[in-house]
């Protein structure tokens, strides 16, 4: 029995150090967590500083480089946490096995002893009453130690499950960080392609994005020049998309916006799901980093499928990863195109208006607006030619 006590004591001591710091070093961008944290802070400050500087191509590229480095460091930080946690989990698993084995062994021995001590004949056979009392207290001590061991075992099991959950969460975090890194690299590559590494071309793109944003804001605020056409039915052809470049737009697309009292609403709350589409709103068509495409409404779509989804609503991939984030922080509609037709149709019946807005760039951004019969919503269709 003394041998069993000694073995249990050693197991308890071993289990008490399980929660100590386990350092696992490996070759990475940063050698340990402290170094990772320090470098992450430095690059975060660098990114913030660059964001506050003038909008130049050189500055934008420097931002991408700093952001890519920052994300790489965060990946290294997360990976080291995962590795460290993996070592702790292995130790916890081994300790759990040992504690479980020890507890099962102790439970059997204690059960035998308790039956023996409770045997009336054994008590009577004791040399004296003091000896019987001593044996009774000895049994109580053993049972108390068993309860303590059981508590340690339960705590170890809880910690083990918690560490496993933490590891799974870190794995998800790592996957997200790796996707962000790929998106940042793709955004930098797109910037260099779009600008041809030319400062003048970069400034031109910025100016076009700024002019389009100002025009759309003006249109939603009711400052466009409009002419009432008349009532149109749901599904009626009301315009066609301009093919190719148009006012402050680099290519064919329909900017579709829903407004209530001058405040933009999420179009996906109104458009119905189940339509065939291709998501090209991220770093590339079909990439995993594109904007959410989640229509949940009842309206038919304003263009025919297959829908080419170029930009979503709100904080989009383009806002977060390209130069347009210098112009606005939230996209107030969706940018879409059709692979089968240039026709634009009314999503709901209402009064049709044809409009245009001339901003600081001097070009005229053409659009149509339908004031819906029900709900009091205004639906805007931008970058279009008027239908005859």
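The values are calculated or read from the model by the stated rules, or taken from the named source; none is laboratory data. All of these numbers come straight from a predicted model, not from anything done at the bench. Reconstructed Cβ throughout: ideal geometry from the backbone, glycine too, with neighbour counts over all protein chains shown.
Below are the figures for this structure:
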quantity	calculated
In segment 264-291, residue farthest from residue 365 (Cα to Cα) [restricted to those that are at pLDDT below 95 and surrounded by fewer than 17 Cβ atoms within 10 Å (Cβ to Cβ)]	288
Segments classed as strands (runs of 3 or more DSSP E), wholly inside segment 278-345, with at least 1 members that are closer than 27 Å to residue 202 by Cα and without any contact (Cβ under 8 Å) to a residue 12 or more places away in the chain	none
Residue check for residue 244: surrounded by fewer than 19 Cβ atoms within 10 Å (Cβ to Cβ) and not in a loop (DSSP other than H, G, I, E, B)	no
Test: residue 209 is in the same structural domain as residue 284 (by TED's automatic domain parsing), at pLDDT 95 or above and within 20 Å of residue 320 (Cα to Cα)	no
Sole exception among (1) in contact (Cβ under 8 Å) with a residue 12 or more places away in the chain; (2) out of contact with any helix residue (DSSP H, G or I) (no Cβ under 6 Å at 6 or more places or on another chain); (3) closer than 30 Å to residue 76 by Cβ for residue 181, by number	(2)
Residues of segment 346-372 satisfying the condition of being without any contact (Cβ under 8 Å) to a residue 40 or more places away in the chain and either within 20 Å of residue 299 (Cα to Cα) or surrounded by 16 or more Cβ atoms within 10 Å (Cβ to Cβ) (or both)	371, 372
